[in-house]
Amino acid sequence: MEAGYVELAIASILISNFVLAKFLGFCPFFGVTRRMSDSVGMGLAVIFVMALASAVTALVYRHLLLPTSDQHTNVLEAWLGLSVPQPEGYVLVLKTISYILVIAGLVQFVEMVLRKNVPNLYRAMGIYLPLITTNCAVLGVALLNTEAWRDPANGLPLAKAAWNGFCGGVGFLLAMVLMSSTRERIAENRVPRALRGLPIAFISAGLMALAFLGFTKLFGISV
Amino acid sequence: MGLWKEFIQKPIQQNPVFVLVLGLCPTLAVSTSLANGVAMACAATGVLICSNVLISLIRKFIPNQIRIACFIVVIAGFVTMCEIIMKALAPEAINKALGIFIPLIVVNCIILGRAEAYASQHGPLASMLDGLGVGVGYLLSLGLISFIREVLGAGTLWGYRLTPVVLGGTTVIPEYTPAAVLGMAPGAFIIIGLLFGLFYWIGNRRREAARCAAVPAVPQVARDFPKPPKEGAEAGGPGRGRRAAGRGAAVGPSAQVLTQGARRAQGKG
């Protein structure tokens, strides 16, 4: 089924939210949601990196890992004359390591560009950027896109892969904002002593996930 | 022997899930059944031990500035090996359930955390034992969570249906209709939250008992009812200790209040 942009957006923001339904990106979700400003900064940085990372890993997957086919050429094969094993290419062996290197490099690059060209944005987002390398939502969206490409009918073209990453980031931002506003309210209230801090945060995340469960099959979109 | 003693205490004292609060994503995602949880914990432990040993062996050659990148490359190599081994050996159902969480071991903070905090400063043998100890701790906590979720959420244990227990004509455990929500995302959050609460409660009680034992000759009454100085002072738990300090939890004033109250009572008595 060819999913349109709107369907993709609804699916990855609401129905299968990266944090609340797919269990990705918990370290920042519980780590930096104590203050609203922190979680907004982190969320924006994640949107940016996730969109870029899914586009770049899509390119890596097609032009470095997969062997040449009628839809795409393998750069190593075409330019360097290396023989890429058929039909899997290097996907199983080099997928994880190449993706994590690409993401780490990308984060470093974004940090440098921001520091040089947009100092204001860098001051707001800079401290969150290094943390994003080990955010499993970023690697997760690349791996999930790869899983989808296994089935050629299901694969997302480059623009849609980037859109999927962007929307995943928006879903992440939504979850972060909801969580930090809840935690700001909780902090002002009396909580049983044993549940203070992390336990009550988990339980409120559970209630939030319960609410998000209600989006299943929204507008007839199944994920 | 120091190394051995350290190893024995590690699964509890350095428990990755409940004490260090690391690696939560796979913990919540794969704990739908005991078999999945155990498989995930074994995969992560294998990677942890291998990467700890290798990083500890090459720790002297890694330049300090790029050590994190080196750690990630080492870990990614072992994760790829682990993924291939799992594909070859593990049952299809487990591979399907674990899905992307096997390659995601790369960004699992437990492994990077141990590499940074332990393996980069200790010898290979100590690092191996550290990996094994932390891995056993991970296995224990993942096993506990997935045991609860499988029994309550699916009504099965290790894939076998649980039947009502009848002892001598009386039904001890009646037929149970599983609560499917516990197998889904919300159940995972709530069960882990409650388990965290339980362990905090036990920790608080033990710390309090230790403090009371450390203040001798205090009348029991003073220990149980310290004078509340004013409303709201007890808002923070008495010294949640190192565990909570890192997360900025409010360490309340009532620790001092308690000892003050005890001292006052002591002076009177």
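The values are calculated or read from the model by the stated rules, or taken from the named source; none is laboratory data. These figures come from a predicted structure and were not determined experimentally. Cβ sites come from the backbone with ideal geometry, for glycine too, and all protein chains shown count toward neighbours. Note: areas computed on protein heavy atoms with side chains; ligands, DNA, RNA excluded. Shrake-Rupley method; radii C 1.70, N 1.55, O 1.52, S 1.80 Å.
If you rank A:ILE10, B:ILE110 by how much accessible surface each has, with a 1.4 Å probe, what is the order from largest down?
If we order A:ILE10, B:ILE110 from most to least accessible, we get A:ILE10, B:ILE110.
Keeping all protein chains in position, work out how much accessible area B:VAL166 exposes to a 1.4 Å probe, and write it in Å² to the nearest 10.
90 Å²
On average, how much area does the Cα convex hull of region B:2-161 cover when viewed from any direction, in nm²?
Value for region B:2-161: 9.3 nm².
At 1.4 Å probe size, what's the solvent-accessible area of A:MET112? Round to the nearest 10 Å².
For A:MET112, the solvent-accessible surface is approximately 110 Å².
Hey, if we sort B:GLU175, B:GLU116 by accessible area with the 1.4 Å probe, largest down, what's the order?
Values: B:GLU175 130, B:GLU116 60 Å².
Order by accessible area, largest first: B:GLU175, B:GLU116.
What does a probe at B:GLU116 reach in region A:69-107, counting residues whose amide N is under 13 Å from the point 7 Å along Cα→Cβ?
So the set is empty, nothing qualifies.
Kindly write out, for region B:120-129 in residue order, the coupling ³J(HN,Hα) from the Karplus curve 6.51 cos²θ - 1.76 cosθ + 1.60 (θ = phi - 60°), rounded to whole Hz, with x marking Gly and Pro.
Result, ordered by residue: 7, 10, 10, x, x, 5, 4, 5, 5, 5 Hz.
Which trypsin sites (Lys or Arg not before Pro) in region A:8-59 sit in a loop by DSSP (not H, G, I, E or B) and have at most 13 other Cβ atoms within 10 Å of their own Cβ?
Listed in order of number, the matching sites are A:ARG35.
Taking 1 over the mean of 1/r across every pair of different Cα atoms in chain A, what Kirkwood radius in Å do you get?
Computed over chain A, the radius equals 18.7 Å.
I'd like the per residue volume of the convex hull spanned by the Cα atoms of region A:88-193, given in cubic angstrom.
Enclosed volume per residue, from the Cα hull, is 165 Å³.
Cα-based Rg (one decimal) and Dmax (whole number) for the protein assembly as shown, in Å?
Calculated on Cα positions, Rg and Dmax stand at 24.8, 91 Å.
Most fluctuating residue of A:PHE18, A:PHE109, A:PHE172 in a GNM of chain A with Cα springs under 10 Å: which is it?
Comparing A:PHE18, A:PHE109, A:PHE172 in the GNM, the peak value goes to A:PHE109.
Give me the inter-chain shielding for A:28-37: mean count of other chain Cβ atoms within 10 Å, whole number please.
Details: counts 0, 2, 3, 4, 0, 0, 3, 0, 0, 0.
So the per-residue partner count for this stretch is 1.
Would you look at the GNM of chain A, springs on alpha carbons closer than 10 Å, and say which of A:LYS160, A:LYS95, A:LYS116 moves the most?
A:LYS116
Out of the chymotrypsin sites (Phe, Trp or Tyr not before Pro) in region B:54-138, which ones are loop residues according to DSSP with at most 14 other C-beta atoms within 10 Å?
Passing sites in region B:54-138 are B:PHE61.
For region B:75-206, evaluate the Debye formula with one uniform point scatterer on each Cα (no solvent term) and list log10 I(q)/I(0) at q = 0.10, 0.11, 0.15, 0.18 Å⁻¹, rounded to two decimals.
At q = 0.10, 0.11, 0.15, 0.18 Å⁻¹ the computed log10 ratios are -0.51, -0.61, -1.01, -1.23.
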